[in-house]
1. Loop-only check: which chymotrypsin sites (Phe, Trp or Tyr not before Pro) in segment 1-44 are DSSP coil with at most 14 other Cβ within 10 angstrom?
2. Tell me the relative contact order for segment 4-88 as a rounded percent, counting alpha carbon contacts under 8 Å between residues six or more apart.
Amino acid sequence: MLQCEQCEFFCREEGTGRIQMRCNPFATIKEPECLAKHQLLRLEALLGAYHATLRWYQKLGPMQEKMFEMMKREMEDLDEAEQWKYESRERKGDEDEEQDDEPLRPDNDDEKKEQDDGGRDEDGFSRPYR
């Protein structure tokens, strides 16, 4: 069995001493154990990336909490600013509330007639399909 140190694709970083395998797992693997070692190195790289992501999340956590608190305060301020609308409706009672919710209707009889018969165009002809 060929040892990793004897392989031409084996490399060790000088500064950190980390092992690097420059072989292609699909073309240049010489021993079956090389594939398992290659998978372990890839898993180590994935684990390192995951830990780096967690460190970023830990740094962003306090800032995110502050942002949520500010958003919560802003929403409470907006609700408080609009509270007068709801308080006035509660004071008037249920009957007044129903009258406030109804849309304004045209008082002009001509407008009501135009709405009923489909309306008239600029020449005075009625348009049944509108």
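1. On the way: sites: 9, 10, 26; in loops: 9, 26.
Those that pass, being in a loop and sparsely packed, are 26.
2. Numbers: 24 pairs, mean separation 10.6, N = 85.
Relative contact order comes out at 12 percent.
Read the figures in this text as sums done on the coordinates, not as results from a lab. This is a predicted model, so every value here is computed, not measured. Ideal geometry is used to build each Cβ from the backbone, glycine not excepted, and the neighbour counts take in all protein chains shown.
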